[in-house]
Amino acid sequence: MYFKNTPPELRKRKESFSFANFGFPTILLTFVMMSIMTFGVLALITANSDLKLSKKVAEKTTGYYEAEEKSYSKLQELDLILQNIYQSAPTEDNFHTILLDYLSTTTLGDVNFDEKTRQVRIHWEIPFSDMQYLSVTVRVHSTNEISNGFYTIEEWTSNHYDNSDEVDDSLHLIGSDDNDSTNK
């Protein structure tokens, strides 16, 4: 393979160079394969986390819309009640008396009557997750405000329960079970 006139230093250099060519591709291939495997595992972990997060968001969103639907049902019930009372109450005093008597027998929510302002407010809360609830407050119009509708929605918000003692500060590790109490 070598020519007869090739000096020995050149032969030695060529032999060591051919050995380095054999090891470098193997090391490079090993490094590339380990990198691909690492990125594949990280992608799998990220996809699993995203799936769990998406499920939680979907549950909360579904719960919120169910709570909203219950609130709309309560508003529909309130519409029917107020329509009947407005038609049967001849005066403002009779209206408030009949309304408060009737609302005390329903399960619409907490009823407050302010004597000073002569306003009736109805408030209810509907939980839609472990930590959140929908809060609705409605102010019923008096008979002289009927042209503006039966009521005004003063509050329609989602709020958090104040459970500062029950904060989840657990560390979720790879392969750990979410229901495992030893991680908490």
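The values are calculated or read from the model by the stated rules, or taken from the named source; none is laboratory data. Computed from a predicted structure; not experimentally measured. No Cβ is skipped: glycine too gets one built from the backbone with ideal geometry, and neighbour counts run over all protein chains shown. Ligands, DNA and RNA are stripped out before the accessible areas are found, and what is left, the full protein with its side chains, is counted by its heavy atoms. Shrake-Rupley method; radii C 1.70, N 1.55, O 1.52, S 1.80 Å.
Measuring nothing but how far apart in sequence close Cα pairs (under 8 Å, 6+ apart) lie, relative to its length, region 95-163 scores a relative contact order of 24 percent.
With R₀ set to 41 Å, the beta-carbon distance separating L51 from N144 gives a calculated FRET efficiency near 0.15. Averaging Cα coordinates gives a centre for region 23-37 and one for region 85-132; these two points are 74 Å apart.
Surface listing: V111, V138 arranged by accessible area from highest to lowest gives V111, V138, probe 1.4 Å.
Extension gain for the segment E59 to S158, taken as residue separation times 0.36 nm less the Cα-Cα distance, is 34.2 nm to one decimal. For region 86-141, applying the loop criterion from DSSP together with a ceiling of 16 other beta carbons within 10 Å to the GluC sites (Glu not before Pro) yields E115.
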